[in-house]
1. How much net charge surrounds W21 when only other residues with a Cβ under 14 Å from its Cβ are counted (Lys, Arg +1; Asp, Glu -1)?
2. Roughly how many nanometres apart are two label points built 7 Å out from the Cα toward the Cβ at L30 and S79?
3. Once you have a ≥ b ≥ c as the square roots of the Cα gyration tensor eigenvalues for segment 1-95, tell me rounded if a/c is under 1.5, and otherwise prolate or oblate according to whether a/b is larger than b/c.
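Every number here is computed from the coordinates shown, using simple stated rules; none is lab data. Only a predicted model underlies this, so the values are computations on that prediction, with no experimental measurement involved. Here Cβ is always computed from backbone atoms with ideal geometry, including for glycine, and neighbour counts include all displayed protein chains.
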Amino acid sequence: MLDFPSKMLCKKERSEVLQQWDDWLEIPMLVLGFTWLGLFIVELVGGLTPLLRAIGGVIWIAFIVDFGIKFLLAPYRISYLKHNWLIAFSLFIPALRTFRIVSIFRSLQSVHAVREL
């Protein structure tokens, strides 16, 4: 019988820590979000320098770490994921660039192979 209340206390503590984490990082993550948006606009308009691309990557990793910690702290992870699916999806989208680059290289190899025939 003591196991059930201790699990509830643990979930309550995790919920409180999650709320504290969210409160503590709300403003810094907001600033990083607007910075990332600015970098995205610069990328669309004229392209990013390697330094700005690296800064964007660091910001993206900060968002992933923040989401991962929140997910691990969430007392009900499935519910947390259901409520924050858009955030999870938006963190996954930049990873698709890597897959796009791989597909471009494969396409170039195919074109090169056809030319040799």
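1. Around W21, the charge tally is -4.
2. The answer from the label model is 2.6 nm.
3. It is prolate, given that a/c is not under 1.5 and a/b is the larger ratio.
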